[in-house]
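Encoded as structure tokens, the structure appears first; notes follow it.
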Amino acid sequence: MGALHELYDRYRDRVEFLVVYIREAHPEDGWVLTMNREEQVAVHDPTSAAERREVASTCLTRHAVRMPMVVDGVDDAAARAYGAWPDRLYLIGADGRVAYQGGEGPFGFKPEELGIAIARELETRAG
């Protein structure tokens, strides 16, 4: 979260940031990472909205996320609409259009590209 928190700190007075917690990428009943074992992270894929909110809350705390967070429903509507699984960065412009769509994570998760897109969007707004 370091690079995203840097962007948040730099632009939060001019850009609204929002983390959307979607389907768990590495649940116990799916693809478990060695790193999860080392960090003692053991999460089952939530099957209800309450369970997903609980896992999201744990994520928020464990990763010290400072940005506001909302939780996608168990129907994964937001994740499907934005092709967000396992993670992806977006910038929605003031006019409601997608001003930046990052690549699929983890390899396409590039906060520095988002930073460039934010600066460009703010320049456009300033006219």
(request) Return the long-range amide H neighbours of Tyr21 (sequence gap of 5 or more, or a different chain), with a cut-off of under 5 Å between placed amide H atoms. (result) Val70, Val71, Asp72
(request) Quickly estimate the mean residue ellipticity at 222 nm for the chain, helices only: each DSSP H run with n ≥ 4 gives -39500 (n - 2.57), and the total goes over all residues, rounded to 500. (result) -12000 deg cm²/dmol
(message) Among Pro86, Pro46, Pro106, which one shows the highest mean-square fluctuation when the chain is modelled as a Gaussian network with alpha-carbon springs under 10 Å?
(response) Pro106
(request) Give the residue from Val74, Gly93, Val55 lying farthest towards the positive end of the charge dipole for the chain; charges sit on Cβ (+1 for Lys and Arg, -1 for Asp and Glu) and the dipole is referred to the Cα centre. (result) Gly93
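With N set to the number of residues, divide the alpha-carbon radius of gyration of the chain by 2.2 N^0.38 Å and report two decimals. List each step's numbers first, then the result.
Details: Rg = 15.5 Å, N = 127, 2.2 N^0.38 = 13.9 Å.
Output field value: 1.12.
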(request) Select from region 93-127 those chymotrypsin sites (Phe, Trp or Tyr not before Pro) which occupy a DSSP coil region and have at most 14 other Cβ atoms within 10 Å, ordered by residue number. (result) Phe107
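Within 11 Å, Cβ to Cβ, of Ala99, how many net charges do the neighbouring residues add up to if Lys/Arg are +1 and Asp/Glu are -1? Write down the numbers at each step before the final one.
Working: positive: Arg97, Arg120, Arg125; negative: Asp95, Glu121.
With Lys, Arg at +1 and Asp, Glu at -1, the neighbours total +1.
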(message) Of Val43, Phe107, Ala25, which is farthest towards the positive pole of the chain's charge dipole, taken about the Cα centre with +1 and -1 on the beta-carbons of Lys, Arg and Asp, Glu respectively?
(response) Phe107
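Could you list the trypsin sites (Lys or Arg not before Pro) in region 86-127 that lie in coil according to DSSP, counting only those with at most 10 other Cβ atoms within 10 Å of their Cβ?
Working: sites: Arg88, Arg97, Arg120, Arg125; in loops: Arg88, Arg97.
Answer by residue number: Arg97.
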(request) Counting only heavy atoms of the protein chains, get the accessible area per residue of region 57-127 (1.4 Å probe) and round it to a whole Å² value. (result) 62 Å²
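Excluding the sites themselves, what is the longest stretch of the chain that contains no GluC sites (Glu not before Pro) in a DSSP loop with at most 15 other C-beta atoms within 10 Å? Walk me through the numbers before you get to the answer.
Working: sites that count: Glu16, Glu28, Glu39, Glu104.
That would be 40-103.
The values are calculated or read from the model by the stated rules, or taken from the named source; none is laboratory data. The model shown is predicted, which means the values in this text are computed figures rather than measured ones. Every residue, glycine among them, receives a Cβ derived from its backbone with ideal geometry; neighbour counts consider all protein chains shown. For the accessible areas, the whole protein counts, side chains as well, though only heavy atoms, and no ligand, DNA or RNA atoms are used. Shrake-Rupley method; radii C 1.70, N 1.55, O 1.52, S 1.80 Å.
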